[in-house]
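What follows is a set of notes on a single structure, which appears directly below.
All of the numbers you see were taken from the coordinates with simple rules; none came from a lab. Model, not experiment: these values are computed from the prediction. Note that each Cβ is placed from the backbone with ideal geometry, even for glycine, and that neighbours are counted across all protein chains shown.
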Protein chains: 2
Amino acid sequence: MRERKKRATREALQSAALRLALERGPDNVRVEEIAQAAGVSPRTYNNYFASREQAIVAGVAADRAVTVTAAVLARPTGVSLGDTVVDAVVGLYTDPGDHPPAALLMIAASPALRACYVDAVTTIEEPLAEALTARCPGLDRLTAQVLAAAVGAAVRVALRQWLHGTNEVPAMAGFVVPSRPLPDLVRAALAPLTPALDAATPRPAATP
Amino acid sequence: MRERKKRATREALQSAALRLALERGPDNVRVEEIAQAAGVSPRTYNNYFASREQAIVAGVAADRAVTVTAAVLARPTGVSLGDTVVDAVVGLYTDPGDHPPAALLMIAASPALRACYVDAVTTIEEPLAEALTARCPGLDRLTAQVLAAAVGAAVRVALRQWLHGTNEVPAMAGFVVPSRPLPDLVRAALAPLTPALDAATPRPAATP
DNA sequence: ACGCAAAATTGCGCGCACGCAAAATTATGC
DNA sequence: GCATAATTTTGCGTGCGCGCAATTTTGCGT
């Protein structure tokens, strides 16, 4: 009963922050305005989110978390773990979720938002680890956490590489490397991890 | 010539911050005091370090970075990449560097310092990636970065697991899991990544 | 030695994150 | 219904991170 209102104000703050940031740009929105738009005190805002950017990013991050876990669990058990995870994660960046693509653009443009989004990727690691254990019953808890964290790290590397290419536009026009599309980069970054993912599935007696 | 003084003030700030934090505890030291101890303005402090904790952690982190890279490069080329990296990283937590062990204890105790130290682990990833490419000439740049980031992620997981066990002491005395010693945890966390590390070494024709 | 351009340091101001305690809101006992 | 206990919200004060512009310091050319 009381939980409902907490989630309500939470989502109100998230949507308000995202909307205002899209309208005026991320740097031209003060915390007081977000709080006022959600009908709460500025102090209350910091009871829900530890930073100004977190409210903007939290929504899309949580959305992505459920999407990956669902994608992992949806794959048939016949496919290898590596392909399963790679496809699930790459799917995150081919099919944009129910959020406007402008949001991702804005996050990519602002350094502060990028950093916060990278931090948010860490949030996804825990549900991912649970999804991994759910799919492979014999998997160690520690192993699952490590693999999930490794996947998150690979995504971070891919994002960094992608941004490196897209932002170097102003000077030396025509000399920029437009950087491979994001899904390809994510797939390439995830590729080196497939041996570890496949080796983790507890089936050592099936190969010979 | 001017570089020298910059590094001098840098190290002065680092050592002053570490010393003061060890003396009074991390929460009882203000930025102004660190700056004053180093003979600079408080504003100048923030030209070198973006946060108060960063100065405390930066020293040990940089130290560790050179230690790992050296350890990786020191292994004979005959050993597999997986064993090389695992031994090098585990060595970081068996042999304490030239810093007092009380520093690591303090970092482990303060949540803010822990978070900053985890961030600092990210700093080590880039030199590690360079060491990997130096050891395996045919290695892709992206692959090296991904593997280094994965190793960093595994270390993060190990640290989190370790702290989980050591802090749950007050209630239910006698029921705590004292948590395996850190080196063992790090080795266990790194184990799932060895297939990926070994597979990355470009020697696909040697196995048959 | 002198002056000049480049770089570093400093002071100032703003916005933000957060601990703390008071006030308001909600759930629970009779 | 009302009193009471438990949460949640809020105001306030403090320290901090950082952009900006003025000031000082450094290195170089002549």
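Using R₀ = 35 Å, calculate the FRET efficiency as 1/(1 + (r/R₀)^6) where r is the Cβ-Cβ separation of residue A:7 and residue B:94; round to 0.05. Display every interim value, and only then the final one.
Numbers: r = 46 Å, r/R0 = 1.32.
For R0 = 35 Å, the calculated efficiency reads 0.15.
Please get the size of the charge dipole for the range A:1-49, origin at its Cα centre, with Cβ charges of +1 on Lys and Arg and -1 on Asp and Glu, quoted in debye to the nearest 20. Numbers along the way, then the final one.
Details: 10 positive and 6 negative charges, 72 e Å.
So the dipole magnitude of the range A:1-49 works out to roughly 340 debye.
Which one, B:16, B:47, B:29, is farthest towards the positive end of the dipole of the range B:1-49 when Lys and Arg carry +1 and Asp and Glu -1 on their Cβ?
Of the options given, the answer is B:47.
So what J values fall out for the range B:138-148 if you push phi through Karplus, 6.51 cos²θ - 1.76 cosθ + 1.60 with θ = phi - 60°, rounded to Hz, Gly and Pro as x?
x, 6, 5, 5, 5, 4, 4, 4, 5, 5, 4
For the range B:113-123, in order, what is each residue's ³J(HN,Hα) by Karplus, 6.51 cos²θ - 1.76 cosθ + 1.60 with θ = phi - 60°, in whole Hz (x at glycine and Pro)?
These are the phi-based 3J(HN,Hα) values: 5, 4, 4, 5, 5, 4, 4, 5, 4, 4, 4 Hz.
Take chain A, connect every pair of alpha-carbon atoms lying under 10 Å apart with a spring to form a Gaussian network, then pick out the residue of A:182, A:105, A:147 with the largest mean-square fluctuation.
A:105
List the distances, in nm and shortest first, from the label point of residue B:101 to the matching label points in every other copy, placing each point 7 Å from Cα along the Cα-to-Cβ direction.
5.7
Inter-copy label distances at residue A:1, 7 Å along the Cα→beta-carbon direction, one decimal in nm, shortest first?
7.8
About its Cα centre, what dipole magnitude does the protein assembly as shown give when the only charges are +1 on Lys and Arg Cβ and -1 on Asp and Glu Cβ, stated in debye to the nearest 20?
On the way: 42 positive and 40 negative charges, 132 e Å.
The calculated dipole for the protein assembly as shown is roughly 640 debye.
Do you know the relative contact order of the range B:1-49, to the nearest whole percent, from alpha carbon pairs under 8 angstrom that are 6+ apart?
Details: 27 pairs, mean separation 15.8, N = 49.
About 32 percent, as a whole number.
With the label 7 angstrom out along Cα to Cβ, how close does residue B:33 come to the same site in each of the other copies, in nm, nearest first?
The projected label point of residue B:33 is separated from its counterparts by 3.9 nm.
Quick one: Debye curve from the alpha-carbon atoms of chain A only, equal weights, vacuum; give me log10 I(q)/I(0) at q = 0.09, 0.13, 0.17, 0.18 Å⁻¹ to two decimals.
Debye output, listed in q order: -0.42, -0.81, -1.16, -1.23.
Based on DSSP H runs of at least 4 residues, each adding -39500 (n - 2.57), what is the mean residue ellipticity at 222 nm of chain A after dividing by all its residues, to the nearest 500 deg cm²/dmol? Please list the in-between numbers first.
Values: 10 runs with 151 residues, N = 208.
Counting only the DSSP helices, I get -24000 deg cm²/dmol.
How many percent of Cα pairs in the range B:3-70 exceed 18 Å? If you can, show how the numbers build up before the last one.
Details: 760 of 2278 pairs.
Percentage above 18 Å: 33.
Evaluate E = 1/(1 + (r/R0)^6) for residue B:24 and residue B:47, where r is the Cβ-Cβ distance and R0 equals 22 Å; express this FRET efficiency to the nearest 0.05. Walk me through the numbers before you get to the answer.
On the way: r = 24 Å, r/R0 = 1.10.
E(calc), rounded to 0.05, equals 0.35.
Can you run phi through the Karplus equation (6.51, -1.76, 1.60; θ = phi - 60°) for the range A:27-32 and list ³J(HN,Hα) in whole Hz, with x for Gly and Pro?
Using θ = phi - 60°, the values come out as 7, 9, 10, 8, 4, 4 Hz.
Suppose a student asked you for the relative contact order of chain B, using Cα pairs under 8 Å spaced at least 6 residues apart; what percent would you report?
Relative contact order comes out at 21 percent.
Hey, got the dipole for the range A:53-200? About the Cα centre, +1 on K and R Cβ, -1 on D and E Cβ, debye to the nearest 20?
Numbers: 9 positive and 14 negative charges, 43 e Å.
So the magnitude is around 200 debye.
Take residue A:73, project a point 7 Å from its Cα along the Cβ direction, then tell me which residues of the range A:124-167 have their backbone nitrogen under 15 Å from it.
The answer is A:126-137, whose backbone nitrogens lie closer than 15 Å to the label point.
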